[in-house]
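Inspection log for the structure reproduced underneath, given as structure tokens.
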Amino acid sequence: MGKLDGTVALVTGASSGIGEATALHLAEHGARVALAARRTDRLEALVKRIASAGGTAHAIEADVTARDQAKRAVDETVATFGRLDTLVNNAGVMLLGPIVDADPTEWERMLAINVNGLMYCTNAALPHLLKAAESEPRRVADIVNVSSVAGRVARTFSGAYNATKFAVGAFSESLRQEVTKRHVRVSLVEPGAVETELGSHNKPEVREVLSQRFGQMERLQSPEIADAIAYIVTRERHVAVNEILIRPTEQEA
Ligand SMILES: NC(=O)c1ccc[n+]([C@@H]2O[C@H](COP(=O)([O-])OP(=O)(O)OC[C@H]3O[C@@H](n4cnc5c(N)ncnc54)[C@H](OP(=O)(O)O)[C@@H]3O)[C@@H](O)[C@H]2O)c1
């Protein structure tokens, strides 16, 4: 018996990295998993991988920066699997660089995905999560928001990314206070450096800085963050893990 048997999860940004690993972990615990992102070929491959391991998954093409697509991702999850118990707001982008002479288009893109997308998905999911929290099998529901060490500590050259992840922290804590008595748990996961595609969308000069900072370090792997997320959502009904900050051992700040 899996701890998430009978439940349904929606993972945004499930086409790579932390989201992909999280979908696999939640499926291993027995959840049926809806996978949302823009790259459907990767989502379809993950559906097959989960099915071949005995799980159930469904791919949903969605750009979470569009409010209607975020809502459709939630609606399609509920239409396909009948309910929604767990939302993992993982989709995100990290574009680093100085604030002086920055291209605000990059800021807009980060705000649109990391903040608006997360808020749209949350907004659409909440009625279903509140309903799931009143029903069997668990009588509790979860929102896990993937923030970052950058949501706790601001650094030079990551100001705009910091701003988006600090926003995620504020939104999460306010929502936690609002819905916790109704047994919807809101948790924040704050990874340090994880080996994923995240840095690859940056300009070459930023990628160079990143590889100097993290190149020699043994970084975290996505399944290690997925494990933390699975830990959060498999706790007993009365246990709310509000926050997990998880760095590679060699990462100082
Ligand atoms: N890697 C790290 O070191 C690290 C550290 C701290 C926090 N994080 C956070 O972890 C989360 C996942 O990142 P990752 O490291 O796993 O990077 P990743 O491999 O680049 O994954 C990012 C995911 O977000 C999805 N995504 C991007 N834009 C989207 C959009 N508009 N609509 C829907 N999905 C979108 C991508 O899918 P498509 O491109 O297919 O849409 C992809 O699945 C992010 O929130 C990131 O800030 C990562």
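Please treat every number below as a calculation from the coordinates, not as lab data. Remember, predicted model here, so these are calculated numbers, not experimental data. Backbone-built Cβ (ideal geometry, glycine too); neighbour counts: all protein chains shown.
Brief remarks on what is shown
- Where both bridge residues fall in the range 26-163, DSSP classifies roughly 0% of the beta bridges as antiparallel.
- Set of lysines near residue 203 by C-alpha distance (under 29 Å), chain-local residues within fewer than 8 positions excluded: 165
- Amide H contacts for residue 61 (H built 1.01 Å from N in the peptide plane; partners 5 or more residues away or on another chain; cut-off under 5 Å): none found.
- Charge dipole (debye, nearest 20) of the chain; +1 at Cβ of Lys and Arg, -1 at Cβ of Asp and Glu: 640 debye
- Applied to the range 247-253, the Karplus parametrisation 6.51 cos²θ - 1.76 cosθ + 1.60 on θ = phi - 60° returns per-residue 3J(HN,Hα) values of 10, x, 4, 7, 7, 7, 10 Hz, with x for Gly and Pro.
- Helix-derived mean residue ellipticity, 222 nm - over the chain, DSSP H n ≥ 4, -39500 (n - 2.57), to 500: -13500 deg cm²/dmol
- Subtracting the Cα-Cα distance of residue 245 and residue 83 from 0.36 nm times their residue separation leaves 55.4 nm of extension gain.
- Within the straight-line cut-off of under 19 Å between alpha carbons, the lysines reachable from residue 71 are 131, sequence neighbours fewer than 8 places apart in one chain being disregarded.
- Listed by number, the DSSP H helices of the chain that run 24 Å or longer by alpha-carbon position along their axis and have mean Kyte hydropathy of at least -1.0 are 159-179.
- Förster-model FRET efficiency, 30 Å R0, residue 236 and residue 48, C-beta, rounded to 0.05: 0.35
- Environment charge of residue 83, counting only residues whose C-beta is closer than 15 Å and scoring Lys/Arg +1, Asp/Glu -1: -3
- Rg and Dmax [Cα atoms of the range 28-183; Å; Rg one decimal, Dmax integer]: 16.7, 54
- Centre-to-centre, using Cα atoms only, the range 85-117 and the range 128-199 are separated by 15 Å.
- The chain: most fluctuating residue of 58, 183, 238 per GNM, C-alpha cutoff 10 Å: 238
- Taking 17 Å as the cut-off, the amide N atoms of the range 136-171 that come nearer than this to a point 7 Å along the Cα-to-beta-carbon line of residue 100 belong to 155-160.
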